[in-house]
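Colleague: Got a structure here, written out as structure tokens. Questions coming.
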Amino acid sequence: MGGARTGAIGPYGNGMVTPDPEAEALGAVEAFESVGVRNVLLLYIDDRTMANEVEPLDTTALKTKLRSCVERSRSRSESVVLRISNPDLIQVDDCDESVRARLAPFAFLTYQTSPNRYQAWLCLSDRRGHRVVRQRLLRRLASTGANGVPSGGTRMPGTRNCKPIHRRADGSCPPVTLVSVAPGRRVGTGELERAGLLAPRGAPGLAPVLRRVLPRLARVGGLTRVAAFRNRKQVLILQYRGVTEHPEYPLRLEMLGHVKADRFEAQLEYLRRRCRVLPLRVYLEAIHDGHRLPDYSVVLTFDEGHANFLTAAAPRLLAAGLPATVFVVPERLSRRDFAGERRWTSCEDERYLSWSDIASIRRQGFEIGLNLPHPATLLGSSTEGVKLALTRGYQSLIAMGAESPPLALRRGEFEPSVVQHARTLGLSCALHAADSGMNPHAANPFALRRLIFHPQSRDDPRMFASDVSGLRTWWTRLARHDQIDG
């Protein structure tokens, strides 16, 4: 490690630029090892499309691949990302210099991820109350722009940050550089409190009360059944992301929106008993032909094209005899063919479906639809750029045999001219993310609403029932923004 940084702000900190990116990568891996990390997922990400390759490794094996990681990042302009599942760790991203300096005494690892921006990693000595501590820390730092989606994903020092927004005029990408390492450093809640790094707990407010009490009232008082009966003639469209068989269900999977497999099975059984689950195309045919659908009709959709749809969701849907539509971003789909029978692994939660997977899913009777690329991958994110991406995605699905595929928009993506472009191209409909997924039988197919599940619905059957019945629509007006439940 002699070529790495040393000095003022930590073992690596006098501003001397290392001649050895591999040494920086090694320093980061050893820092994670010092706080108990032993297994990671290694991702190579094309930041222009978000397509990725995923490989599970222990840190010993990872160390043997550091040189190839550094070389691949440089030669292919790919970002190298580590996914880390450890409930003791807090990741703080997009720190400016002042926040970096405030966190430095408590961080076991800090590095520069892009010009004038840093990432710090803290390890809590007490796991109890981890989520609340993390919330309070990020709330305190929010005004600076610092944030921390708990995905456990971090760009590896010594490699390149290849996000389009950071690309230089000559096409090169800035390096991710190590700043400081304090091996084994752990921090207690009291230390952060005394340093003024935690926002006050504050009063719980109304939101936590609603989260605890209303599901129980709905069940005891029959409000869920009343709401379901009132909305029985509407068509509910549900928006899923993925299904995971991960036994530990780390926070990053929860935040990504993946549902635990056993909970998913319970939800399918609830829908099978109480609702009529229909293919999206059947609902669209009813809109066009003017005929009514059965009461309590529901449509299931899955966004982003995660590979775990094939290995975890599809088998359970087939066992329950329920249809679904899978929306994909064609630019992300891999050309790789996987040999042998596909089974769920932790990689399936991170990687995306391949084109051969899509063919398999279609043979199983599931519909395929189109998601737009993430705005961050579209330079400028102009309306014309979005339309061009929409055209390319539509053509890709048509080329593989889809007929008039549906379009699903994420929250914040609605733009009338883009929706009109979808209609002109020949897509069958446009779904919009909403707090309520209820739609009339005679709806505009390009203004259909999809329900975004309440986060608690993934674990609480009563909240799931309230979501499906439409009961949540009115109580989200009472608790629009969740507050910290200390």
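The values are calculated or read from the model by the stated rules, or taken from the named source; none is laboratory data. The model shown is predicted, which means the values in this text are computed figures rather than measured ones. Note that we place each Cβ from the backbone using ideal geometry, even for glycine, and neighbour counts take in every protein chain shown. In case anyone asks, the SASA skips ligands and DNA or RNA and just uses the protein heavy atoms, side chains included. Shrake-Rupley method; radii C 1.70, N 1.55, O 1.52, S 1.80 Å.
Colleague: Give the residue, chosen from Y44, Y111, that is under 30 Å from T189 (Cβ atoms), in contact with a Ser or Thr (Cβ under 8 Å, 6 or more places away or on another chain) and aromatic (F, W, Y). Steps first, answer last, please.
Modeller: On the way: Y44 fails: under 30 Å from T189 (Cβ atoms).
After applying the criteria, what remains is Y111.
Colleague: A follow-up question, please. Output the residues belonging to the range 404-433 that are assigned to a helix (DSSP H, G or I), of a type outside the set (V, I, T) and at pLDDT 95 or above.
Modeller: Step one: of the range 404-433, the residues assigned to a helix (DSSP H, G or I) are 416-425.
Restricting the remaining residues to those that are of a type outside the set (V, I, T) gives 416-417, 420-423, 425.
Listed by number, the residues that qualify are Q420, H421, A422, R423, L425.
Colleague: Right, next: Considering only the range 194-235, how many residues are modelled with pLDDT of 80 or more and either part of a loop (DSSP other than H, G, I, E, B) or open to solvent by less than 70 Å² (accessible area, probe 1.4 Å) (or both)? Before the answer, list the steps.
Modeller: Start the filter on the range 194-235 by keeping residues that are modelled with pLDDT of 80 or more, which leaves 194-201, 223-235.
In the following step, the residues that additionally are either part of a loop (DSSP other than H, G, I, E, B) or open to solvent by less than 70 Å² (accessible area, probe 1.4 Å) (or both) were identified as 195-201, 224, 227-228, 231-235.
Final tally of qualifying residues: 15.
Colleague: So which pairs qualify, if the first residue must be in the range 54-78 and without any contact (Cβ under 8 Å) to a residue 40 or more places away in the chain, the second must be open to solvent by less than 70 Å² (accessible area, probe 1.4 Å) and assigned to a helix (DSSP H, G or I), the Cβ gap must be under 8 Å, and the two must be at least 6 apart or on different chains?
Modeller: Final answer for the pair search is T59/V29; T59/F32; T59/E33; L62/V29; K63/L26; K63/V29.
Colleague: Please specify each residue of the range 58-75 satisfying the condition of being over 15 Å from E30 (Cβ atoms), open to solvent by 50 Å² or more (accessible area, probe 1.4 Å) and in contact with a strand residue (DSSP E or B) (Cβ under 8 Å, 6 or more places away or on another chain).
Modeller: Residue satisfying the conditions is R74 alone.
Colleague: Would you check which residues across the range 257-304 are closer than 21 Å to N371 by Cβ, open to solvent by 50 Å² or more (accessible area, probe 1.4 Å) and in contact with a helix residue (DSSP H, G or I) (Cβ under 9 Å, 6 or more places away or on another chain) and list them?
Modeller: Correct list: empty.
Colleague: Restricting to the range 87-125, what's the tally of residues that are part of a loop (DSSP other than H, G, I, E, B) and touching a Cys at 6+ places or on another chain (Cβ under 8 Å)?
Modeller: Selection size over the range 87-125: 2.
Colleague: Among the numbered criteria (1) within 20 Å of the chain's Cα centre (by Cα); (2) surrounded by 18 or more Cβ atoms within 10 Å (Cβ to Cβ); (3) not hydrophobic (A, V, I, L, M, F, W, C), which one does R449 miss?
Modeller: (1)
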